[in-house]
2 protein chains.
Amino acid sequence: MRFSVFIPDNLERPAPVLYHLSGLLCSEQTFIQKSGFQRWASHYRIVVVSPDICPRVIYDVEKHEIEAKGLSCYVNAVKKPWNKNYQMFSYVNEELPNIIQENFNIDKDRQSIMGHSMGGHGALISALKNPGKFLSVSAFAPVCNPSRSPDERLLLECYLGDDPETIEEWDPTCLITKYKGPELNILIHQGKNDKHQRDLKLENFANACKKAGIAASINLEEGYDHGFYFISSFMEQHFHHHSKFLCDSF
Amino acid sequence: MRFSVFIPDNLERPAPVLYHLSGLLCSEQTFIQKSGFQRWASHYRIVVVSPDICPRVIYDVEKHEIEAKGLSCYVNAVKKPWNKNYQMFSYVNEELPNIIQENFNIDKDRQSIMGHSMGGHGALISALKNPGKFLSVSAFAPVCNPSRSPDERLLLECYLGDDPETIEEWDPTCLITKYKGPELNILIHQGKNDKHQRDLKLENFANACKKAGIAASINLEEGYDHGFYFISSFMEQHFHHHSKFLCDSF
């Protein structure tokens, strides 16, 4: 498994850490080359870890196969053949943080999580299924309600089977109605020109937050789409958000 | 011919313009996706134009052919078959600026130029061969003295033939000894871990500037290589430099 770790200069030790989860077809390289996050990680002195969880060699992009092959999806598979090794929720929430804690001088009590698109889904379910583990969570154009979105549901069914209750256990909009725990400190941005917005279902998540009485900063931005120019434009705001919970000095 | 134009919001009109020239195997896409220049172009309100001059379809990267095919080199070819269409100096210095002036509300008296690697060579020769045309010039790890560098010389000979005097007409270190004109306002950065530094010959250019009594800010940076992390790290300084000559308000 491949992951990137960005360690700013002049770091206080042990340092806070922010996990970043990539979108369905992206890798850690997309994030480190195109988002410009390094400037803000340096400014706020936060260690940033970005895993690539995608078994990329199998997926045939040219055939546009909607199969569970070669996609980044942050669930623990229960359906064969994926159930043996595709335990990505456990990897991102347990195995990887343990590796980071054992090898870098970071503060395990100060960690937050962010992600883009399906990685935004991963960030939200990580925060929702681990109350108190992450001090804050943010997402760019996250998949918010996959059980109500045909394409996203089909994808999750590849790993999870078609039992509705199982699917709902991995759905941020369903999970937030049952959430009990400390403040989640949620920040979300989505572009108004995002061609995936009908699949993302951010409005369902926003309504569920309101009903559950959970505060969330949810922002729709004029003129932006689903891509990396959108992400790099709002990266500073996301780091500023996380810094409020991760860093004493800001 | 393909080029990118970045137009900041809230622009004064007519606006100053900064040209960016890409390296040998890069295109305008590399620059707009990886350099993060947009933040600084917005901040200083400068229109940024980045051409792709590379006849890419012909070059076979896998064979590592060192031929004149598919490379970005900012000279006017005199040797067949390139002399017919490969007039890249004229394209970058005359044809493209005319297209920009005709189609965008820019101030032709406030333009500057920058570039990376072979594009840095292009920026320097553009400033040196057009006294007064560009108010400032900057380069990341530019090719500085190709007539004294075997690989770069071989490349230029593909377009220019092997007459030494002709080659020297396209060599920044040779050109600067003969320069007569207004202040050039040169800024250059190069990484100390740049594996191409023996080919770039920045020290020869620095010495020639000193001998000619021409001021230049030349900076060697510890720990940086030839790549886009280096460029994005110093992009702010380059925009700040150009803004001093392009913008009234900074």
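Data for the structure
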item	result
Enumeration of residues in the range B:169-199 that are of a type in the set (A, V, I, L, M, F, W, C) and part of a strand (DSSP E or B)	B:ILE186, B:LEU187, B:ILE188
Residues within the range A:11-37 that are more than 14 Å from chain B (Cβ to nearest Cβ), part of a loop (DSSP other than H, G, I, E, B) and more than 14 Å from the chain's Cα centre (by Cα), tallied	4
Residue list for the range A:40-49, restricted to those being outside any loop (DSSP other than H, G, I, E, B) and in contact with a helix residue (DSSP H, G or I) (Cβ under 8 Å, 6 or more places away or on another chain)	A:TRP40, A:ALA41, A:HIS43, A:TYR44, A:VAL47, A:VAL48, A:VAL49
Condition check for A:ALA127: within 20 Å of A:LEU220 (Cβ to Cβ) and touching a strand residue (DSSP E or B) at 6+ places or on another chain (Cβ under 6 Å)	no
Matching residues, the range A:125-144, being polar (S, T, N, Q) and not in a loop (DSSP other than H, G, I, E, B)	A:SER126, A:SER138
Given (1) more than 14 Å from chain B (Cβ to nearest Cβ); (2) in a loop (DSSP other than H, G, I, E, B), index of the condition A:PHE205 fails	(2)
Test set (1) in contact with a strand residue (DSSP E or B) (Cβ under 7 Å, 6 or more places away or on another chain); (2) within 22 Å of B:GLN87 (Cβ to Cβ); (3) surrounded by fewer than 16 Cβ atoms within 10 Å (Cβ to Cβ) - B:LEU25 fails condition number	(1)
Subset of the range B:177-200 [under 17 Å from the mean Cα position of the chain (by Cα), surrounded by fewer than 23 Cβ atoms within 10 Å (Cβ to Cβ) and over 14 Å from B:PHE230 (Cβ atoms)]	B:LEU184, B:ASN185, B:LEU187, B:ASP199
Any hit, the range B:220-242, residues being among the aliphatic types (A, V, I, L, M), in a helix (DSSP H, G or I) and within 14 Å of chain A (Cβ to nearest Cβ)	yes
Residue match in the range A:171-179 (condition: closer than 16 Å to A:GLY120 by Cα, of a type in the set (D, E, K, R) and touching a residue at least 24 places away in the same chain (Cβ under 8 Å))	yes
Complete set of residues in the range A:79-128 that are under 17 Å from A:LEU156 (Cα atoms), of a type in the set (D, E, K, R) and either buried (at least 19 other Cβ atoms within 10 Å of the Cβ) or touching a residue at least 24 places away in the same chain (Cβ under 8 Å) (or both)	A:LYS79
Number of positions in the range B:106-135 that are under 20 Å from B:SER147 (Cα atoms) and in contact with a His (Cβ under 6 Å, 6 or more places away or on another chain)	0
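Values in this text are rule-based calculations from the coordinates and carry no lab data. Fair warning: this is a prediction, and the values are worked out from it, not measured in the lab. Please note: Cβ atoms are built from the backbone with ideal geometry, for glycine as well, and neighbour counts cover all protein chains shown.
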